[in-house]
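Novice: Take a look at the following structure, please.
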Amino acid sequence: MYTCRKMTFALTGGSLLSLMLLCTLVGAVEAAAGDEELPDYSSAGADTCLKCHGDDESAHLLALFDGPHGVIADERTPMGASQCESCHGPGGEHAARVGFRQQRPPMPAFGPNALWSKQRENEVCLGCHQDPARRFWDGGTHQSQDVSCVDCHSIHTRRDPVTVQSSQPEVCLGCHTRQRAEIHRAYTHPLRFGEMACSDCHQSHGSPNEFMLESMTINQNCYQCHAEKRGPYLWEHAPVTEDCTLCHRTHGSNHPALLTRRAPLLCQQCHSRSGHPSVGRTGEALPDGSPSVFLLSGSCLNCHSQVHGSNHPSGAMLNR
Ligand code: HEC
Ligand code: HEC
Ligand code: HEC
Ligand code: HEC
Ligand code: HEC
Ligand code: HEC
Ligand code: HEC
Ligand code: HEC
Ligand code: HEC
Ligand code: HEC
């Protein structure tokens, strides 16, 4: 009987010898790799770090202790484990005394001069946060565009702004400047007033849905809050069932009700046959000189008011 790497083998002679040789080799390679990565942690955890990083100048760092990562009594949190070094990596070398005019070695992770790549840094966070909420992170748009966890998340804070509804948009809009312009238009979802967050519609950690939406399709996403538009209607209006964004600009628009454009132009994108749907386009006035009802106030909606669908038995023309 010979036991190698927790497996037992019943072998004799030449094959036993080869197995023993192989087993020793694998062990040696593993030990060597281990040596290379042998972590060089500081002697007293956070107390070591705070000897230098606990002064007034770095007081902002201490907000960490009021947040979810700073609970020393909870061994799931970094401060309950290897403390500062759970995130920043082994800091023995950095914390050691350095000679006169000698450069202090930087910390492995999360500093302006950090040695680890963004991807390696993300692994630190994922080490504790590899749960269903992040199952689409790998291959998701943000991951593949090299956006890292800490591009959105602030750690040395009491309450991470990106997890708070009112302060979240500001974090996202730092990169998404087109959406910043859109949410400042005249008609918008109430994002800029802190009454709604980007994460009401989007999955920041990646999602299998287009545009990283919360729901499978754009319409399902809208129905979550605008359930009355789901129907079912006796008389459907085909584009409504197909895609709300055929007529609405979700983040914001300069036309009322977030419309992409106003009627009659809105309707005439699709209804441009001859006959009355084309009347508005001609801009013709009525014989007495007053503007056509096709152009006044609601334009086409003056009559076709049930633009999302009608439940009236004779509402096939969406006018009741
Ligand atoms: C002996 C004093 C001292 C100790 C102990 C110390 N640091 Fe530092 N640390 C510094 C100084 C000085 C700087 C600024 C270095 C620079 O700007 O080059 C710094 C910079 C940093 C930075 C950011 C800059 C970079 O180089 O990327 C981080 C992160 C950091 N320290 C974390 C830690 C952690 C975590 C510990 C505990 C394991 C620790 N430090 C212990 C003195 C210390
Ligand atoms: C949960 C992970 C985590 C823990 C735990 C943590 N840090 Fe940090 N630290 C970060 C990240 C991420 C940054 C980069 C800037 C940011 O997002 O706030 C950072 C930045 C820093 C910096 C440089 C930036 C600055 O503002 O000066 C220092 C120094 C630092 N940390 C020291 C510490 C010390 C000391 C501790 C332990 C008391 C600690 N960190 C614990 C994640 C962590
Ligand atoms: C040693 C494990 C550990 C590491 C490393 C770690 N976290 Fe956490 N994190 C936790 C625990 C535990 C909680 C509290 C969870 C709870 O209360 O359910 C938490 C909470 C959070 C929260 C929720 C905050 C809130 O306000 O609700 C965020 C966001 C977060 N972590 C992001 C990060 C990021 C980003 C990193 C990498 C810089 C990181 N974490 C590294 C263990 C860790
Ligand atoms: C594009 C910005 C963004 C990036 C990048 C990002 N997050 Fe988040 N994260 C958020 C937002 C927004 C929330 C709060 C709303 C939510 O849950 O969707 C959040 C919430 C969390 C939470 C607390 C709630 C939960 O889902 O468990 C944790 C933990 C967390 N993120 C970890 C991570 C980790 C780990 C990474 C890197 C792999 C990461 N995040 C990358 C934006 C981001
Ligand atoms: C560090 C910069 C950065 C931050 C911060 C950021 N993003 Fe992104 N985001 C990107 C990049 C880069 C892309 C890919 C290119 C693009 O579509 O603009 C992207 C793409 C997206 C997409 C399109 C996804 C797709 O598959 O089409 C959505 C939606 C999105 N981000 C939402 C958010 C939300 C919500 C937040 C805040 C919680 C956020 N982003 C924060 C950089 C960022
Ligand atoms: C009411 C739901 C909703 C909210 C809130 C929302 N979005 Fe979107 N977002 C969408 C929909 C739907 C799309 C896809 C169709 C479109 O572009 O209108 C989208 C698309 C995007 C895209 C991809 C655009 C492109 O053309 O590739 C980005 C980036 C984005 N949103 C960022 C954000 C940011 C940042 C916020 C917060 C300030 C935010 N969104 C808030 C619904 C929303
Ligand atoms: C998380 C909930 C939520 C989701 C999801 C959502 N909305 Fe909204 N929507 C709102 C709120 C809240 C308002 C503001 C209502 C108000 O101001 O009275 C609003 C307003 C609107 C308005 C303007 C209403 C008016 O009277 O001017 C339109 C149009 C609209 N949403 C379309 C959409 C579309 C299209 C989608 C899907 C892409 C969508 N919404 C997804 C919550 C949501
Ligand atoms: C064919 C174009 C078109 C499509 C497609 C469309 N809408 Fe509208 N929507 C309009 C018009 C036009 C108005 C303005 C109605 C008015 O002024 O009376 C409007 C108004 C709204 C309003 C605010 C007023 C109200 O009726 O509550 C909401 C919310 C809304 N739409 C949601 C949706 C949702 C959700 C979808 C997708 C299921 C959708 N719309 C698809 C044309 C459309
Ligand atoms: C994106 C294209 C599109 C837009 C924009 C659009 N429609 Fe339609 N509409 C359709 C389609 C497709 C039908 C179904 C036609 C059919 O069944 O023959 C339809 C049907 C109708 C009908 C029922 C008549 C019929 O032939 O069944 C009316 C009335 C109508 N639309 C009015 C409007 C009005 C008013 C607007 C502007 C507020 C508008 N539509 C915007 C595509 C559109
Ligand atoms: C004064 C009221 C009124 C206005 C304004 C109006 N419609 Fe109509 N529309 C009707 C009536 C009534 C019918 C049904 C006619 C019939 O059955 O012969 C109809 C039928 C339709 C139809 C289906 C039959 C067809 O002729 O193709 C479409 C599409 C339509 N309208 C689109 C529009 C558009 C687009 C506008 C704006 C330019 C508009 N309508 C403005 C009253 C109106």
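None of the figures in this text is laboratory data; all of them are computed from the coordinates on show. These numbers come from a predicted model, not from an experiment. Cβ coordinates were reconstructed from backbone atoms using ideal geometry, including for glycine residues, and neighbour counts include every protein chain displayed.
Novice: Which FRET efficiency value, to the nearest 0.05, do you get for Glu210 and Asp74 by plugging their Cβ-Cβ distance into 1/(1 + (r/R0)^6) with R0 = 41 Å?
Specialist: Approximately 0.60, to the nearest 0.05.
Novice: Does the stretch 80-186 come out rounded, prolate or oblate by the C-alpha gyration tensor, with a ≥ b ≥ c the root eigenvalues, rounded set by a/c under 1.5 and, if not, prolate when a/b is larger than b/c and oblate if not?
Specialist: Note, shape of the stretch 80-186 comes out prolate.
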